[in-house]
Amino acid sequence: MQALALLGNAFVGICTPASLAMMVAGVAIGIVFGSIPGLSASMAVALMLPLTFSMTPSMGLNTLVAVYIGGISGGLISAILLNMPGTASSIATCFDGHPMAKNGEAMKALGLGIVFSFLGSVFSFIILTFCAPMLAAVALKFTPAENFGICFFALTMVAILSSGNMIRGVLAGMLGLIFALVGMAPIDGTPRFTFGASSLMAGFDTLPTLIGIFAISDILITAESMGSGKMETLTVKKVKGFGFSMKEFVYHLPNFLRSSLIGTGIGILPGIGGSTSGMLAYVTAKNMSKHPEEFGKGCPDGIVATESANNATIGGAMIPLLVLGIPGDGVTAMMLGGFLIHGLSAGPLLFVKNADVVYGIFAACMVCAFIMLIVEWTCIKGFVQVLKVPKHILLPLILVLCCVGAYATNNRIFDVQSVLIFGIVGYLYHKLSLPTTPFVLCFLIGEMLETYLRRGIMQYKSFGAFFKRPIFDAFFFIAIGVLIWSLYKEYKTYLKRKQNMA
């Protein structure tokens, strides 16, 4: 009852004109940063951090929360309309969002993304408000061994993503792992595959790589189509409301609940992040679907899964930050700086000494989710106008934005070169009919997999000791089961094709 009273007082406290104005501004700024590739939610929070110095602790932290929520959700706009993930969390949104836009269903794709972003956020904020201490205690049980098990499980999802042509899928994934190995090795810092180039010492950054694979390759493919006279004319179907019926909404609810649980769970574990949760939710949705062959061709289920998961990660990532003082991802690491600026110490004592601030953040999360829904719904028709810009004007603008965004990530000209390199890689993948999804998944997971393996072996002295930990065992053997099942299905498909040819 005391928690509900504190939460009620917090809602009253933040619903002042000044506080609401700052939250609306924060959400809008976050959406802009999230929708422009390279200008991530982390960068938006970092830039807003000094501006909160003169505010009260509650208002300052609530503004940062607003920027965070807007930034994660904003990534879906460019992912759907331009096939450019605005943030790493929106990678999987590209897989079905952009094909839907090409099919004239941009409004519906945006509507699904906005609504389920909102619902995923609210789902995780409810869990954050009422279950934070309990879930943080569970997160403490995760050592490098358990985190390695999760990453290994995620890596075996390549088998599901490659169903129908596993050889091509595994080849595409292996190339992603090879690129992930470039740079200094985790833990010991040994240079690998740098060929003496200092710019390769830090490896390939995630965001420039993804921008190249999705956006630049799409520009090259579109430019080639224009040159050959085979350019498709994009149409936008008019829709009412968010573009989907109540019947469709009810149909997507199981997918939403499952994906939100995945997103919240992954968010609680420090260092894994929204990009992994979005990919895992997408692969799980495909595996559970009655029509998996439609994924990647404009299936609404894919958007629901990834947007529910990556926004649910926000509430999950806030749990270790507030309860333990451990940032769950890059953005919450920036927010930890916000606590320090205002003389607060994140951790268990925060709930005792500054309960008003904590419950103010809980209330702000809920209010900002509603603001995000209203702002994006209001602007949805304006977003779609991007598709009506002539390609000979739009493509150069996208190219410039990609290069500027890549440079802004780390202020390195090498990141701009990486964008162009991976643009060519993505174009070659298209030409060779290789799927990009396994490449992206393996590239994202590869470094984390190696890091947790090395840390686990340092902690437990041998890999065999991992099997004495029940949580690791569960993830590891489920992953092996998924792999065996996928190979069995592939073998059955092969036999069926052989019979048809005979």
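Across segment 333-357, what is the total count of residues that are β-branched (Val, Ile, Thr) and free of Cβ contacts under 8 Å to residues at least 60 places away in the same chain?
Qualifying residue count for the region: 1.
Right, Pro396: open to solvent by 10 Å² or more (accessible area, probe 1.4 Å), of a type outside the set (Asp, Glu), at negative phi and part of a helix (DSSP H, G or I) or not? Yes, satisfied.
When Pro292 is tested against (1) crowded, with 24+ Cβ neighbours inside 10 Å; (2) touching a residue at least 40 places away in the same chain (Cβ under 8 Å); (3) within 21 Å of Val482 (Cα to Cα), exactly one condition is not met: (1).
Just one residue in the set Ala346, Ala363 is buried (at least 19 other Cβ atoms within 10 Å of the Cβ) and outside any helix (DSSP H, G or I); that residue is Ala346. Evaluation of Pro208 against the conditions (1) of a type outside the set (Lys, Arg); (2) open to solvent by 50 Å² or more (accessible area, probe 1.4 Å); (3) modelled with pLDDT of 80 or more; (4) assigned to a helix (DSSP H, G or I) shows that the sole unmet condition is (2). When the residues of segment 42-78 are narrowed to those that are touching a helix residue (DSSP H, G or I) at 6+ places or on another chain (Cβ under 6 Å) and without any contact (Cβ under 8 Å) to a residue 40 or more places away in the chain, which ends up most open to solvent (accessible area, probe 1.4 Å)? Only one residue tops the list, namely Met48.
What residue, of Ile398, Ile314, is β-branched (Val, Ile, Thr) and closer than 22 Å to Leu49 by Cβ? Outline the logic, then answer.
Working: Ile398 fails: closer than 22 Å to Leu49 by Cβ.
Result: Ile314 is the single residue among Ile398, Ile314 that is β-branched (Val, Ile, Thr) and closer than 22 Å to Leu49 by Cβ.
Assigned to a loop (DSSP other than H, G, I, E, B) and of a type outside the set (Phe, Trp, Tyr): does that describe Met55? The answer is yes for Met55. Among the residues of segment 79-128, those identified as open to solvent by 20 Å² or more (accessible area, probe 1.4 Å) and either among the β-branched types (Val, Ile, Thr) or free of Cβ contacts under 8 Å to residues at least 60 places away in the same chain (or both) are Val122, Ile126, Ile127.
Kindly provide the set of residues from segment 1-45 that are in contact with an Asp or Glu (Cβ under 8 Å, 6 or more places away or on another chain) and modelled with pLDDT of 80 or more, ordered by number. Walk me through it before giving the result.
Applying the first criterion (in contact with an Asp or Glu (Cβ under 8 Å, 6 or more places away or on another chain)) to segment 1-45 yields 6, 9-10, 13, 31.
Result: Ile31, single match.
Whether any residue in segment 410-422 is acidic (Asp, Glu) and at pLDDT 85 or above is what I want to check. The answer is yes, given that some residue of segment 410-422 is acidic (Asp, Glu) and at pLDDT 85 or above.
Restricted to segment 448-474, and to residues that are open to solvent by 60 Å² or more (accessible area, probe 1.4 Å) and of a type in the set (Phe, Trp, Tyr), which residue is farthest from Ile266 (Cα to Cα)? Walk me through it before giving the result.
Residues of segment 448-474 that are open to solvent by 60 Å² or more (accessible area, probe 1.4 Å), as a first pass: 454-455, 457-459, 461, 463, 467-470.
Still in the list and also of a type in the set (Phe, Trp, Tyr): 463, 467.
On the way: Phe463: 23, Phe467: 21 Å.
If we take residues in segment 448-474 being open to solvent by 60 Å² or more (accessible area, probe 1.4 Å) and of a type in the set (Phe, Trp, Tyr), then Phe463 is farthest from Ile266 (Cα to Cα).
So Val367 passes all but one of these: (1) without any contact (Cβ under 8 Å) to a residue 24 or more places away in the chain; (2) in contact with a Leu (Cβ under 9 Å, 6 or more places away or on another chain); (3) of a type outside the set (Ser, Thr, Tyr). Which condition number does it fail? All conditions are met except number (1).
Got a number for residues in segment 256-274 being at pLDDT below 85 and surrounded by fewer than 21 Cβ atoms within 10 Å (Cβ to Cβ)?
So the first thing to find is which residues in segment 256-274 are at pLDDT below 85, and the list is 265-274.
Of the ones still in play, those that are also surrounded by fewer than 21 Cβ atoms within 10 Å (Cβ to Cβ) are 270-271.
Here the count works out to 2.
Scanning segment 117-154 for residues that are touching a Leu at 6+ places or on another chain (Cβ under 6 Å) and at pLDDT 75 or above gives Phe118, Phe142, Phe148, Cys151, Ala154.
Just one of the listed residues (Leu321, Leu253) is free of Cβ contacts under 8 Å to residues at least 40 places away in the same chain and either open to solvent by less than 20 Å² (accessible area, probe 1.4 Å) or hydroxyl-bearing (Ser, Thr, Tyr) (or both), and it is Leu321. I want to confirm something. Restricting to segment 479-502 and keeping residues that are in contact (Cβ under 8 Å) with a residue 40 or more places away in the chain and out of contact with any helix residue (DSSP H, G or I) (no Cβ under 6 Å at 6 or more places or on another chain), which single residue is farthest from Phe148 (Cα to Cα)? Among those that are in contact (Cβ under 8 Å) with a residue 40 or more places away in the chain and out of contact with any helix residue (DSSP H, G or I) (no Cβ under 6 Å at 6 or more places or on another chain), it is Thr493.
The values are calculated or read from the model by the stated rules, or taken from the named source; none is laboratory data. This structure is a prediction, so every number in the text was calculated from the model and none was measured. Cβ coordinates were reconstructed from backbone atoms using ideal geometry, including for glycine residues, and neighbour counts include every protein chain displayed. Surface areas here come from the heavy atoms of the whole protein model, side chains and all, with no ligands, DNA or RNA. Shrake-Rupley method; radii C 1.70, N 1.55, O 1.52, S 1.80 Å.
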